[in-house]
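The values are calculated or read from the model by the stated rules, or taken from the named source; none is laboratory data. It should be emphasised that the depicted structure is a prediction, and the values quoted were computed from it without experimental measurement. Cβ placement follows ideal geometry from the backbone for every residue including glycine, while neighbour counts extend to all protein chains displayed. Heads up: the accessible areas ignore ligands, DNA and RNA and are worked out on the full protein's heavy atoms, side chains in. Shrake-Rupley method; radii C 1.70, N 1.55, O 1.52, S 1.80 Å.
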Amino acid sequence: MAVIGTGPSRKRKMRGSDTATRGLRRIGGFAVVCAGATALLGGVTMPASAAPAPASSTLIAAISTIPGNQQAGIAATPTLMVYSDGKAVHDNHNGHIPLDVVHSAAADGKALAAKDLGMPKDGKGGETLMDFLGSSPDQDVHLVVYSPGGADGINDAQKAAREKVNALSKKLTDAFVADR
């Protein structure tokens with residue numbers, strides 16, 4: 001599943017806390033879109049040992065996972081979060097990613113948003129979520145790979161698109177440089 005912009009159904013799913021920041025509402029809305037309107041209500045949580053980004057910095061990219069065989073209501077766990085100043089948190093480690101890599105990945109993600117990523121028949125293999133936040137919600141790009149390890153019922157074009165999402169994830173995580 002891929003979502004670009006703010007269609008009417010996305011607006012319904014993003015309703016909620018008017019006091020939350022734009023980024024948190026969008027990430028929370030993204031989690032709802034990804035796992036189903038009734039499955040997730042908590043949004044994305046910050047790793048406990050990682051320091052939050054400065055107030056002047058906004059979230060521009062996130063890769064999150066939802067483990068397989070989980071009950072409804074399990075929040076997505078971010079494995080990578082990148083902020084507008086290039087600072088990043090990857091697997092509970094602070095660091096940075098060059099912004100040119102992030103912008104390139106966002107462009108690649110936008111191209112992938114039109115692709116059908118498929119839904120394996122087992123449907124219990126978790127989810128990988130990739131979120132690129134633009135300057136306004138209509139510029140957001142959201143990619144969802146259901147059952148990332150599943151292949152039953154996935155055609156060759158869907159497999160190829162899933163491999164491109166994996167490569168995009170690797171591009172971002174390989175560019176991460178931990179702080180010393």
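Listed values for the stretch 75-84 are Karplus-derived 3J(HN,Hα) couplings in whole Hz (6.51 cos²θ - 1.76 cosθ + 1.60, θ = phi - 60°), namely 7, 5, 9, x, 9, 8, 10, 10, 10, 4, and x replaces Gly and Pro. Couplings 3J(HN,Hα) of the stretch 130-145, computed from phi: 10, 10, 10, 9, x, 6, 9, x, 6, 9, 5, 10, 10, 10, 10, 10 Hz, in residue order, whole Hz [Karplus 6.51 cos²θ - 1.76 cosθ + 1.60, θ = phi - 60°; x for Gly and Pro]. Rounded to the nearest 10 square angstrom, His103 shows an accessible area of 110 square angstrom against a 1.4 Å probe. Rounded to the nearest whole Hz, the Karplus-based 3J(HN,Hα) values (6.51 cos²θ - 1.76 cosθ + 1.60, θ = phi - 60°) of the stretch 158-170 follow the sequence 5, 4, 4, 5, 5, 5, 5, 5, 4, 5, 5, 4, 5, with x at glycine and proline. Relative to one another, the C-alpha centroids of the stretch 80-122 and the stretch 131-180 are positioned 7 Å apart.
With 27 Å as the limit on Cα-Cα distance, the pairs of Lys124/Lys159; Lys110/Lys159; Lys87/Lys124 that go past it are Lys87/Lys124. Using the Cβ of Ile63 as centre and a radius below 12 Å, the other residues enclosed give a net charge of -1, where K and R count +1 and D and E count -1.
Note on the stretch 99-180: with neighbouring protein chains present and a 1.4 Å probe, carbon and sulfur make up 51 percent of its accessible heavy-atom surface. A simple count of charges around Val165, restricted to other residues whose Cβ falls under 13 Å of its Cβ and scoring Lys, Arg +1 and Asp, Glu -1, yields +2.
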